[in-house]
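Engineer: Please see the structure below; I have some questions.
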Amino acid sequence: MFGISFPEITIILIVAVIALGPEKLPSALVEIAKYFKVIKKSINDAKATFDQEVRIAELKEDAKKYKESISKTTETMRKKLTFEELDEIKSGLNSVKDTLNAGLSDIESSVNNTLNEAENSLNSKQNSTQNLAQNSTPNSAQEQAQAQPEAHPQAQNSNPTQNSKE
């Protein structure tokens, strides 16, 4: 204890017996024991307080690490949720895009069908018009040809010079 060996303690006790005498020595030893006990208690309290402060500091560091870990995890989870939400939005947009493309394809095919029907109808009407024009042109020529011979005999009958020569 305190770096004092047994022979040194023995020498201190012999000096104390000579200096204090046999009557005061037991009370002096009790007082010295009380002082040692108080000193030991103070040292143990200081040591316990120091250990407690060290543990508190360690707990604070651990708490800080856990807090940072929870913050990072929360941010990571939020990022994951954000990425999941973005993926959900992306898939939603892709489905809307597919639906719009399908609708656009339907509209294009409908417009193409309508245009084809209109072209067919127009071609049909043009063919009908051409057929009518072709059919009416020879009939008109025949009608004119028939009308001209009739007009000539009348013209011959109505011409006085020709009647007088006959």
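The values are calculated or read from the model by the stated rules, or taken from the named source; none is laboratory data. As the structure is a computational prediction, the values presented were derived from the model and not from experiment. Cβ sites come from the backbone with ideal geometry, for glycine too, and all protein chains shown count toward neighbours. Ligands, DNA and RNA are excluded from the accessible area calculation, which covers all protein heavy atoms including side chains. Shrake-Rupley method; radii C 1.70, N 1.55, O 1.52, S 1.80 Å.
Engineer: Quick check: residue separation of Asn135 and Phe83 times 0.36 nm, minus the Cα distance between them. What number comes out in nm?
Structural biologist: Roughly 11.2 nm would be gained on extension.
Engineer: Further, regarding this structure: Report, to the nearest whole %, how much of the accessible area of the stretch 1-77 belongs to carbon and sulfur atoms, 1.4 Å probe, protein only.
Structural biologist: The nonpolar share, carbon plus sulfur, comes to 68 percent.
Engineer: In whole Å, what is the distance between the alpha-carbon centres of the stretch 99-116 and the stretch 1-39?
Structural biologist: 114
Engineer: Still on this structure, please answer the following. Report the accessible area of Leu93, computed with a 1.4 Å probe over the heavy atoms of all protein chains in place, in Å² rounded to the nearest 10.
Structural biologist: Approximately 110 Å² of Leu93 is accessible to the 1.4 Å probe.
Engineer: Apply 1/(1 + (r/R0)^6) to the Cβ-Cβ distance of Lys72 and Ala102, taking R0 = 41 Å, and write down the FRET efficiency to the nearest 0.05.
Structural biologist: 0.40
Engineer: Largest first and in whole Å, what are the equivalent-ellipsoid semi-axes of the stretch 13-113 based on the Cα gyration tensor, each being the root of 5 times an eigenvalue?
Structural biologist: Its equivalent ellipsoid spans semi-axes of 92, 6, 5 Å.
Engineer: At a Förster radius of 41 Å, what calculated FRET efficiency corresponds to the Cβ-Cβ distance of Leu29 and Glu58, to the nearest 0.05?
Structural biologist: 0.45
Engineer: Taking the solvent-accessible surface of protein heavy atoms with a 1.4 Å probe, what is the per residue accessible area of the stretch 2-106 in Å²?
Structural biologist: That works out to 91 Å² per residue.
Engineer: For Leu20 and Asn113, calculate 0.36 nm times their separation in residues minus their Cα-Cα distance, and state this gained length in nm to one decimal.
Structural biologist: 20.4 nm
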